[in-house]
Amino acid sequence: MAADPPEVSAWRPRVPGVVEVFHAHFTEYAYPMHVHDAWTLLIVDDGAVRYDLDRHEHGTPHDTVTLLPPHVPHNGAPATPDGFRKRVVYLDSSRLGEELIGRAVDTPDLRDPLLRRRVGQVHAALARPGDELEAESRLTLVGERLRDHLRRRTDAPAPRPDPVLGRRLRELLDARVADGVSLEEAGRLLHAHPAHLVRAFSGAYGIAPHQYLMSRRVGRARRLLLDGLAPGEVASATGFYDQAHLTRHFKRLVGVTPGRYRSSSR
């Protein structure tokens, strides 16, 4: 019986530090020895992968996060009869520095349920055009936890609250509701590391920056819909990627679609 044909999907999102996103399902294909010039952050949803890194054999069960460092040869092959289904995000050195390569070679497979869940959330956001700030926010926290693993500080003390920085980020988001702002740019403007920005904002307001921005956009959309604008016009005016992007977030926060909300107005 012939093997199922490979299923692949690849794209480059508008998220700082992300070189490529790659989703694939392989049943028989085996990667030869090769290298990447970026960090390979890998999770396997079905099956398992067996691979060699620095002349040592490793595996990727579904509850593991695998981090392969740049410039280090590795291969990969299915470890189960039905192959494997994987999701990969390739990251440049702005996300993880090359000084961590040695540690990653020693411990590429990380058993961490919280990290595994967060990487899955990153992929979910990366697959939705218009949710780049959410993807960047979630990826920032993933990078922080990866660095803690590589530096063996998984039980590091909680960071101290920084309400002033949280307020400054809120003011920046309020000024850029429609245009938006990336965490990378916000970090430059506010002279703070993106991970510190996310934690300071969440600690001050109990909501992540991307959730706050979407709430503000939906609030503006509600007013424009009640003014009689069509959903497509509203999406463009409030910073959403397209009407579908508006509909998804609007229904999540309001409970109905923009069109139904508009038609209900008196």
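The values are calculated or read from the model by the stated rules, or taken from the named source; none is laboratory data. Here the structure is a predicted model, which means the values were calculated and not measured. All Cβ positions, even for glycine, are placed from backbone atoms using ideal geometry, and neighbour counts span all protein chains on display. All accessible areas refer to the heavy atoms of the entire protein, side chains included, with ligands and DNA or RNA removed. Shrake-Rupley method; radii C 1.70, N 1.55, O 1.52, S 1.80 Å.
Per residue, the range 1-136 exposes 48 Å² of accessible surface when a 1.4 Å probe is rolled over the protein heavy atoms with every protein chain present.
Does the chain come out rounded, prolate or oblate, given a ≥ b ≥ c as the square roots of the eigenvalues of its C-alpha gyration tensor, rounded meaning a/c under 1.5 and, failing that, prolate meaning a/b above b/c? Note, shape of the chain comes out oblate. Considering only ALA30, ALA208, ALA178, the mean-square fluctuation computed in a Gaussian network model of the chain, springs between alpha carbons under 10 angstrom, is largest for ALA30.
Summarising the amide proton neighbourhood of ASP45: residues at separation of 5 or more, or on other chains, whose placed amide H is nearer than 5 Å comprise ARG85, LYS86, ARG87. For the chain, carbon and sulfur atoms together expose 50% of the accessible surface, with a 1.4 angstrom probe and every protein chain in place. Using Cα pairs closer than 8 Å and at least 6 residues apart in sequence, work out the relative contact order for the chain, in percent. About 14 percent, as a whole number.
For the pair the range 225-266 and the range 194-214, the centres of their Cα atoms are 24 angstrom apart.
Remark: the range 188-266 carries a charge dipole of roughly 200 debye about the Cα centre, counting +1 on each Lys and Arg Cβ and -1 on each Asp and Glu Cβ. Here the simple spin-label model places points 7 Å from the Cα toward Cβ, and for SER93 and ASP148 these points are separated by 2.6 nm.
For the range 39-160, what does the alpha-carbon gyration tensor say about shape, rounded, prolate or oblate, given a ≥ b ≥ c as the root eigenvalues, a/c under 1.5 as rounded, and a/b over b/c as prolate? It comes out oblate by the Cα gyration axes.
Can you tell me how the range 1-92 classifies by the Cα gyration tensor, rounded, prolate or oblate, using a/c under 1.5 as the rounded cut? Verdict is oblate for the range 1-92.
Residues considered: HIS74, HIS191, HIS36. Largest GNM mean-square fluctuation over the chain, using C-alpha springs under 10 Å, is found at HIS191. Between GLU7 and LEU114, the distance separating the two model label sites (each 7 Å from Cα on the Cα→Cβ line) works out to 3.2 nm.
Between the range 159-176 and the range 1-56, the alpha-carbon centres lie 37 Å apart.
Largest mean-square fluctuation among VAL254, VAL15, VAL88, in a Gaussian network model of the chain whose springs join Cα atoms under 10 Å apart, belongs to VAL254. Stretching the chain fully between THR80 and TYR241 yields a gain of 54.0 nm (0.36 nm per residue, less the alpha carbon separation).
Heavy-atom accessible surface of the range 159-266, averaged per residue, reaches 55 Å², computed with a 1.4 Å probe.
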